[in-house]
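What follows is a set of notes on a single structure, which appears directly below.
All of the numbers you see were taken from the coordinates with simple rules; none came from a lab. Keep in mind that what you see is a predicted model, and the values were worked out from it rather than measured. For neighbour counting, all protein chains shown are included, and Cβ atoms are generated from backbone atoms with ideal geometry for every residue, glycine included.
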Amino acid sequence: MSKTGFDELCELAGSVSRETFDRLQAFEILFGKWAARINLSAPSTLNDVWRRHILDSAQLGRIEPKALRWVDLGSGGGFPGLVMAFLLMERSGASIDLVESNRKKTGFLQMVCGEFGLPARIHAKRIEDTYQMIRDVEVVTAWALAPLPLLLQLSAPWLQAGAKALFHKGRDYRTEVEESAQLWSFELVEHKSMIDPQSVILEISNLRRM
């Protein structure tokens, strides 16, 4: 990528080192090679992985610039979890847990974490089976995993303990928010995506069941 690419990453994610930028470039190439063999992402997005996946994920770094303990649910091909792992390398003591039940995808996640020495732990388990082993979480993330009411149910043990959620959502997010509000009370901040004008990142905190 050109210097413009580096500047755009810094604009989206906050202060990022040249080393992190270079690692993310290398990850983009590695992702492309694996995606040709196993289903890591929708085929329609593979021609623009840098912008539609890496930069879109990196926005979370600016929203939560100080949090150290993260968990990513349904990590799949690594978005946003692996991208955050690269960014968290620059935060002393930071780490992220990646939860993914698909064995082929966890194999990919393990390989990337080992290749780059990322501060991440991989859990090849269902989300419900990780509550006791993943503790003291500050931020919960998820991308295209489930409708918001189900996401809140899956992440409730962490959110009710004080964590906040950062969930990528598309154009129909308002309907999901309305449905969720019938079951839960919560504080909501809508962050407009800097990549896709039809998408948002929902920041949810103080979750309580109605």
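Some observations on this one:
- Charge dipole (debye, nearest 20) of the chain; +1 at Cβ of Lys and Arg, -1 at Cβ of Asp and Glu: 440
- For the chain, calculated [θ]222 nm from helices alone, where every DSSP H run of n ≥ 4 adds -39500 (n - 2.57): -11500 deg cm²/dmol
- The stretch 44-107: C-alpha gyration tensor shape, a/c 1.5 cut-off, then a/b vs b/c: oblate
- Legend: calculated FRET efficiency, Ser17 to Arg126, from the Cβ-Cβ distance at R0 = 25 Å, rounded to 0.05, equals 0.10.
- Global form of the stretch 165-210, assessed from the alpha-carbon gyration tensor, a/c cut-off 1.5: oblate
- Once the chain from Leu30 to Ala181 is taken as fully extended at 0.36 nm per residue, the excess over their C-alpha distance is 50.3 nm.
- Spin-label pair Asn39-Arg208: with each label point 7 Å from Cα along the Cα-Cβ axis, the two points sit 4.2 nm from one another.
- Relative contact order (%) - criterion: Cα under 8 Å, at least six apart; region: the chain: 17
- Tensor-based shape of the stretch 1-102 (alpha-carbon gyration tensor, a/c under 1.5 rounded, otherwise prolate or oblate): oblate
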